[in-house]
Amino acid sequence: MSRSAFAEQHPWTSPWWKADGENSSVMAYIVAVHILAIVGFVLFPLPGWKIFLGWFIMACAGGLGTTVGYHRALAHRAVKLNPVVEQILIFFACFNGSGTPSTWIANHRNHHANTDSALPLEIANRYDAYKDWLRTMEIRARQGLMRG
């Protein structure tokens, strides 16, 4: 098996800086955010407590948007939110860099379809779920079920 065919079946073996076609915009966004953060620290090394507080509130709002809005309300439908609150949480999740709701939900449901196990929660920790996910991805790659 050639190196390129192997990398197509196993995306985690590719270097992190080489994004494929559909992920190149996400990679550009991540690089731009980090470059802007460095420029911000150079231009404004000590922004003050007001800017720090504003950043902290926005980061928390983005986290709530992702965990409550995307995860609990949209992906699992475990909580019913007021439509205005739901849209505000979606805005903050998008602002936080979590992506569009449809993409995030599809990826999360795919994650649950391929990593859930019958083990009790005390045993099936995150590490076990990650190992199961990697094993499932290898099996799917061998069977030719992965996009390439």
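No value in this document is a laboratory result; all are computed from the given coordinates. Computed from a prediction, not measured in an experiment: that's the story for all the values here. So basically every Cβ, Gly included, is an ideal-geometry build from the backbone, and we count neighbours across all protein chains shown.
Neighbour counts of C-beta atoms inside 10 Å place Thr66, Thr103 in the sequence Thr103, Thr66, starting with the fewest. Each other residue within a Cβ distance under 14 Å of His71 adds +1 if Lys or Arg and -1 if Asp or Glu, for a net charge of +2. Counting beta carbons within 10 Å around each of Tyr29, Tyr70 and listing the fewest first gives the order Tyr29, Tyr70.
For each of Glu86, Glu22, count neighbouring Cβ atoms within 10 Å of the residue's Cβ, then give the residues from fewest to most. Don't skip to the answer; put the middle values down first.
On the way: Glu86 18, Glu22 8.
Fewest-to-most Cβ neighbours within 10 Å comes out as Glu22, Glu86.
A crude spin-label estimate for the pair Ala59 and Met27, with each label 7 Å from Cα along the Cβ direction, gives 2.7 nm. The length gained on full extension between Gln87 and Ser102, counted as 0.36 nm times the residue separation minus their Cα-Cα distance, comes to 4.0 nm.
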